[in-house]
Amino acid sequence: MERLRYILQDALVNIRRSGWSGLASIATIAFSFVIVGIFLIITRNLGAMVSEWKEQFQVTVFLEDGITPEQLTLLRKRIQSERAVKSMTYTSKEEALQSFKRELRGQESLLEGLGENPIPASLQLRIYEAYQTPEALRQFTASLTRLEGVEDVQYGQEWVDRLSAAVRMLRLLGLTVGLALGLASLLIVSNTIRLAVYARAEEIEIMRLVGATRLHIRAPFLLEGMIQGGLGAAAALVLLFGAYRATLWQLQLTPGQIFGMGVGSFLDPRWAAGMLLAGAGVGAFGSMISVGRLLRA
Amino acid sequence: MIQFFHVYKSYGRDVEALVDINLHIQKGEFVFIAGPSGAGKTTLLRLIFRDELPTSGQILVNGRNVVKLPERGIAPLRRSMGVIFQDFKLLRDRSIFDNLALVYRVHGIPAAVGKRKAANLLKLVGLSHKLQMTPYRLSGGEQQRVAIARALMNDPVLLLADEPTGDLDADLSADVMRLLADIHARGTTVVVATHDLDMVRELRRRTIILKGGRVVEEHP
């Protein structure tokens, strides 16, 4: 217990003595984690947006004008029995026209002179996410097109696919940049600790000679690295949160209003905790490299 | 307490620091390892506290073969003994008290106990009035006494002293030797390496004389 207390005290003394180089180390880790955090926030929100859109994704089946009520009933039953279909809504020609007019509010005159209602009746199908793959959708819509009473089938999957691909790309980019910056942080922490170890070389030598274990010598430096790393990650989280709130304020939005889709959230608490742990881990690993190398020497 | 069996130590091909050393130091003895500079005295002491490994031969300290000691066994071995270094090895930017505190921190001794112990030892070596001074402000003899106090912080069963009077004048040397004799009188085994043959003759203790890495004389 006493040893643990001494080790902790030594780590705190080390941090105090590290001065500017310690601060530089914390700042570098903070900078790296801010960049990684930005990527995490963007991908998290884009991911949420894609999920939201996938949830709202629908296939529209336009019906022939001459479809009879019996044909419509049969068609609805047939489509409803498809495993890909989560739910189905029918929009009559009249409802479609009314809806279109609402969208053209103030410009209704554009529709004058059309005579007969040109807008077809339709069925809006919500599709289970498992069936939202390009191949499954292609097969499904092709089978719908062949059904009697179906004029056309439309869906905007391509757009969702592109967005999903963009999110995947962004994640990959974030991971690459994160790894590169993580490595840079590792080197800087390792260098800072190396300086601290050099500065205390005489003390370490004496400690060794009076019977200090390797763990006793290493532990304060490991703790120092962990604390520096953790502080860097914590500073990054504070900066990110500040920037996030400022952005919302600037856009006059409340959290969750961005894109009007229930997204625009900050980092998940588990991710934030993960960043703190990663910071501490980077710091500990960096110091382990330095101290290990110097003690072997 | 200490046994050397056919111990050789060489550095590279050319430098033979110790050649076929065989010796036995009993528990509670006061022994001088004497000889001129370069005779191998410091190397012999360093082998005892496993700062060096012999090129060949076996060394037993307190029944443990230090040559075969695993890495994790070195710290406990050193914690069982006190070492006074020729160059004192004091931290010059720390107070005398902090220099002694380093030992109780390494040994995990509670601070209250460690502080009491440090204060008592500084009193024993006559430096209790200077405990907040840094070694810079002390004379060579005073620094030597701090080094002795530090070596006693862990109540060692064995005290190794490398040239403890090396840089001191005759009076201070006598003080330091008196102190070591007091420590020995309390039951501690003391091994002193020195080049001062006059002092050795005067004190009439068991003496092992080294020359060129070999034991050339031993008395009584």
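See the values below:
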{"quantity": "Leading residue by the ranking (surrounded by the fewest Cβ atoms within 10 Å (Cβ to Cβ)) among those in segment A:143-161 that are within 34 Å of the chain's Cα centre (by Cα) and under 20 Å from residue A:67 (Cβ atoms)", "calculated": "A:154"}
{"quantity": "Residue within segment A:52-73 that is of a type outside the set (Lys, Arg) and under 30 Å from residue A:199 (Cα atoms) present", "calculated": "no"}
{"quantity": "Some residue of segment A:56-65 being closer than 23 Å to residue A:146 by Cβ, in a loop (DSSP other than H, G, I, E, B) and more than 27 Å from the chain's Cα centre (by Cα)", "calculated": "yes"}
{"quantity": "Qualifying residues in segment B:40-51 (those that are out of contact with any Gly (no Cβ under 6 Å at 6 or more places or on another chain) and away from chain A (no Cβ under 12 Å)) - the one surrounded by the most Cβ atoms within 10 Å (Cβ to Cβ)", "calculated": "B:44"}
{"quantity": "Sole exception among (1) within 24 Å of residue B:187 (Cβ to Cβ); (2) at pLDDT 85 or above; (3) more than 11 Å from chain A (Cβ to nearest Cβ) for residue B:124, by number", "calculated": "(2)"}
{"quantity": "Lone qualifier among A:83, A:138, A:102, A:44 - being of a type in the set (Lys, Arg), crowded, with 18+ Cβ neighbours inside 10 Å and either more than 30 Å from residue A:185 (Cα to Cα) or out of contact with any strand residue (DSSP E or B) (no Cβ under 6 Å at 6 or more places or on another chain) (or both)", "calculated": "A:44"}
{"quantity": "Matching residues, segment A:201-221, being farther than 19 Å from residue B:161 by Cα, facing chain B (nearest Cβ under 7 Å) and either touching a Lys or Arg at 6+ places or on another chain (Cβ under 8 Å) or in a helix (DSSP H, G or I) (or both)", "calculated": "A:202, A:203, A:213, A:216"}
{"quantity": "From the options A:144, A:104, residue that is at pLDDT below 85, of a type in the set (A, V, I, L, M) and out of contact with any Asp or Glu (no Cβ under 8 Å at 6 or more places or on another chain)", "calculated": "A:104"}
{"quantity": "Whichever residue in segment B:54-76 is without any contact (Cβ under 8 Å) to a residue 24 or more places away in the chain, more than 10 Å from chain A (Cβ to nearest Cβ) and among the hydrophobic types (A, V, I, L, M, F, W, C) and, among such residues, is surrounded by the most Cβ atoms within 10 Å (Cβ to Cβ)", "calculated": "B:66"}
{"quantity": "Residue A:60, sole failed condition from (1) touching a Leu at 6+ places or on another chain (Cβ under 9 Å); (2) away from every other protein chain (no Cβ under 14 Å); (3) modelled with pLDDT under 85", "calculated": "(3)"}
{"quantity": "Extreme residue, nearest to the other protein chains (Cβ to nearest Cβ), among residues of segment B:105-121 that are over 22 Å from the mean Cα position of the chain (by Cα) and in a helix (DSSP H, G or I)", "calculated": "B:111"}
{"quantity": "Residue count for segment B:136-150, restricted to those that are in a loop (DSSP other than H, G, I, E, B) and surrounded by 18 or more Cβ atoms within 10 Å (Cβ to Cβ)", "calculated": "1"}
{"quantity": "Single match in B:92, B:201, B:116, B:145 (criterion: touching a Phe, Trp or Tyr at 6+ places or on another chain (Cβ under 7 Å) and on the phi < 0 side of the Ramachandran plot)", "calculated": "B:92"}
{"quantity": "Among residues of segment B:27-77, those that are over 21 Å from residue B:161 (Cβ atoms) and among the polar types (S, T, N, Q), counted", "calculated": "4"}
{"quantity": "Single condition residue A:190 does not satisfy, out of (1) within 16 Å of residue A:12 (Cα to Cα); (2) at pLDDT below 85; (3) of a type in the set (Gly, Ala, Ser)", "calculated": "(1)"}
{"quantity": "Criterion (more than 16 Å from residue B:156 (Cβ to Cβ) and either within 14 Å of chain A (Cβ to nearest Cβ) or touching a Leu at 6+ places or on another chain (Cβ under 6 Å) (or both)) met by exactly one of B:94, B:79, B:13", "calculated": "B:94"}
{"quantity": "Answer from B:153, B:133 - the residue that is within 14 Å of another protein chain (Cβ to nearest Cβ), assigned to a loop (DSSP other than H, G, I, E, B) and in contact (Cβ under 8 Å) with a residue 12 or more places away in the chain", "calculated": "B:153"}
{"quantity": "Residues (among the charged types (D, E, K, R) and modelled with pLDDT of 85 or more) located in segment B:162-196", "calculated": "B:162, B:163, B:178, B:182, B:186, B:196"}
{"quantity": "Residue, surrounded by the fewest Cβ atoms within 10 Å (Cβ to Cβ), within segment B:199-220, restricted to residues that are assigned to a loop (DSSP other than H, G, I, E, B) and in contact (Cβ under 8 Å) with a residue 40 or more places away in the chain", "calculated": "B:212"}
{"quantity": "Residue in segment B:160-169 that is surrounded by fewer than 20 Cβ atoms within 10 Å (Cβ to Cβ), among the hydroxyl-bearing types (Ser, Thr, Tyr) and outside any helix (DSSP H, G or I) present", "calculated": "no"}
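The values are calculated or read from the model by the stated rules, or taken from the named source; none is laboratory data. Since the structure is predicted, the reported quantities are computational estimates derived from the model, not experimental observations. Every residue, glycine as well, gets a Cβ built from its backbone with ideal geometry; the counts of neighbours run over all protein chains shown.
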